[in-house]
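Structure first, commentary second.
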Amino acid sequence: MTVRKTSQSTKQRPPSSKQLARVQLVVFDFDGVMTDNRVMVMQDGTEGVFCNRSDGLGIGLARDAGLEMMVLSKEENPVVSARCRKLKLQCLQGVDDKIGALTRVLRERGIDASRVVYVGNDVNDLACMNHVGIPVAVQDAYPQVLKVARWITRCNGGHGAVREVCDALVNARVS
């Protein structure tokens with residue numbers, strides 16, 4: 001049996017338009033995907049994050065194209081739900097068992113895992129990435145995540161990676 005190695009540069013090309021057009025659900029981690037993985041801690045203890053406005057526009061364009069999307073996050077900070085409300089995204093946060101939550105969502109919606117994109121950046125995303133048809137890692141993801149990704153974005157988390165994924169999915173639906 002021959003094992004074909006896939007280089008990181010090969011992984012930076014999205015899957016084919018035909019494969020992307022079959023996607024029924026896109027699941028985003030929050031910290032490190034929709035943000036640049038930094039946190040601002042104010043003197044009163046509240047936290048803030050940096051997000052990319054073009055990512056938000058990409059989510060809107062993807063929604064307009066009929067894509068279902070959601071955020072699945074371990075983080076419990078109210079900033080996650082606030083950003084998701086603004087973007088009109090379903091948000092499951094404070095989730096320690098991400099794979100359990102993902103499989104429940106897929107079962108409830110009747111979606112086959114092979115038709116799901118999961119975008120992650122850290123080791124707590126690995127189980128979900130290994131479960132879906134198109135596991136995506138942002139460019140600056142941890143090495144273990146880059147290894148399991150089928151597609152690695154050209155952009156870092158919080159710097160247009162979400163927009164890159166959304167644009168590819170939207171383009172696949174119109175081509």
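Values in this text are rule-based calculations from the coordinates and carry no lab data. Given the structure is predicted, the values throughout are model-derived calculations rather than measurements. In this analysis, Cβ positions are derived from the backbone assuming ideal geometry, glycine residues included, and neighbour counts consider all displayed protein chains.
Modelling each spin label as a point 7 Å along the Cα-to-Cβ direction, I'd like the VAL148/ARG173 distance in nm, to one decimal.
So the two model labels end up 2.7 nm from each other.
Relative to the longest principal axis of the C-alpha atoms of the chain, give the angle of the C-alpha long axis of helix 98-109, reported between 0 and 90° and rounded to the nearest 10°.
70 degrees
Just the isolated ones, please: cysteines in the chain lacking another cysteine beta carbon under 4.7 angstrom.
Result for the chain is CYS51, CYS128, CYS155, CYS166, no neighbouring Cys Cβ within the cutoff.
Say the dipole of the chain comes from +1 at the beta carbon of Lys and Arg and -1 at that of Asp and Glu; which of SER175, PRO78, LEU67 then lies farthest toward its positive end?
Among SER175, PRO78, LEU67, the one farthest towards the positive end of the dipole of the chain is SER175.
Over 28 Å between C-alpha atoms is what I'm after, so list which of LYS74/LYS147; LYS11/LYS98; LYS98/LYS147; LYS18/LYS147; LYS88/LYS147 land there.
LYS88/LYS147
Sorting SER114, SER175 on the 10 Å Cβ count, fewest up front, what's the list?
SER175, SER114
What is the projected area of the convex hull of the Cα atoms of the chain, averaged over all directions, in nm²?
With every direction weighted equally, the projected area is 10.4 nm².
How large is the dipole of region 15-174 about the Cα centre if only Lys and Arg carry +1 and Asp and Glu carry -1, each at its Cβ, rounded to the nearest 20 debye?
My answer is approximately 680 debye.
Can you give me the angle between helix 161-174 and the longest principal axis of the chain, using Cα atoms only, in degrees from 0 to 90, rounded to the nearest 10?
Relative to the chain, helix 161-174 is tipped by roughly 50 degrees.
Using 0.36 nm per residue, how much length does the chain from SER17 to GLN43 gain when fully extended, once their Cα-Cα distance is taken away?
4.6 nm
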